[in-house]
Amino acid sequence: MGTVTIGVSIAVPEPHGSLLQERRAGFGDAAAHGIPTHVTLLPPTEVDASQLSEVEDHLVSVAAAGRPFPMRLSGTGTFRPLSPVVYVQVVEGGSACTWLQKQIRAASGPMARELHFPYHPHVTVAHGIDDESMDRAFEALADYRAEWPCTGFALYEQGADDVWRKLREFTFGSAVVPPQAARTDRGTIPSH
C-alpha cells in the first residue's frame, strides 16, 4: 500500500480561513493555496497507508476526551531566525491545543513522534519567503483579530501535488460549548 503523509489540525473557520489564505498568497507564499488555514496539532507525518484506520480510531478517542473551547487569534509573531515563519498568534485556546497535540502524539498511539521544535500553537501566514515579504506579513497582520468556538479537529492527507485535503473531521465528545466559547465569529484586519 505504501506510505501517506498526514497531518492533524484545527481549521480556521470562514470567513477567517479564506481571508488569511489569500493574504498568505498575497505575501508571495507559493504554498498558500495548497494548505488550508489551520492551527497544527500534528505536523506532516509519514505513516503506512494500512495504518489509517488505526490513526482514525486513535483520533476518535482523543476527540471523545476533548471539550469545546474558545479560540482567539490576535497579532503576529515570528520564529525567525530559527525558522522562516511569520504567524498570527493564538492568544486563547493555546493550552487546549497543547493538550490535544500531546494526546495525538501519545507514545502508545500510531502517531507517536518527536517534534523538531517545541510545540507552539499558531497560524502560519508566511513561510520560506524573502525577508522583505516576511516583514510585510508581520506588519500587515499585526492588528489582526479573530475568535470562534473550537468544537473539534480534522485529519488531512498531503497529495502528490502537495495539496492538503481533509480526510475526516473529529468532533469533541461534549456538545456543551462553554459560555466563553459561544461568542460569535468575528475577525478584523485594519486597513492601513
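Descriptive notes on the structure:
- Residue match in the range 98-108 (condition: farther than 24 Å from residue 47 by Cα and at pLDDT 95 or above): no
- Here residue 25 clears all of (1) closer than 19 Å to residue 162 by Cβ; (2) not in a helix (DSSP H, G or I); (3) not polar (S, T, N, Q) except the condition numbered (2).
- Of the candidates 108, 133, the single residue that is over 16 Å from residue 69 (Cβ atoms), in contact (Cβ under 8 Å) with a residue 12 or more places away in the chain and surrounded by fewer than 21 Cβ atoms within 10 Å (Cβ to Cβ) is 133.
Okay, residues lined up against (1) within 15 Å of the chain's Cα centre (by Cα); (2) at pLDDT 95 or above:
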{"position": "15", "(1), (2)": "no, yes"}
{"position": "63", "(1), (2)": "no, yes"}
{"position": "67", "(1), (2)": "no, no"}
{"position": "78", "(1), (2)": "no, yes"}
{"position": "81", "(1), (2)": "no, no"}
{"position": "94", "(1), (2)": "yes, yes"}
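- The set of residues from the range 17-74 being under 26 Å from residue 173 (Cα atoms), among the polar types (S, T, N, Q) and in contact (Cβ under 8 Å) with a residue 60 or more places away in the chain comprises 37, 40, 45.
- Here the condition is being closer than 30 Å to residue 2 by Cβ and surrounded by 14 or more Cβ atoms within 10 Å (Cβ to Cβ); of 34, 66, 93, it holds for 34 alone.
- Taking (1) part of a loop (DSSP other than H, G, I, E, B); (2) of a type in the set (D, E, K, R); (3) modelled with pLDDT of 95 or more in turn, residue 114 satisfies each apart from (3).
- Selected residue [modelled with pLDDT of 95 or more and more than 15 Å from the chain's Cα centre (by Cα)] from 28, 2: 28
- Yes/no for residue 14 being of a type outside the set (A, V, I, L, M), under 22 Å from residue 146 (Cα atoms) and surrounded by fewer than 16 Cβ atoms within 10 Å (Cβ to Cβ): yes
The values are calculated or read from the model by the stated rules, or taken from the named source; none is laboratory data. This structure is a prediction, so every number in the text was calculated from the model and none was measured. Don't worry about glycine lacking a Cβ; one is built from the backbone with ideal geometry, like all the others, and counts go over all protein chains shown.
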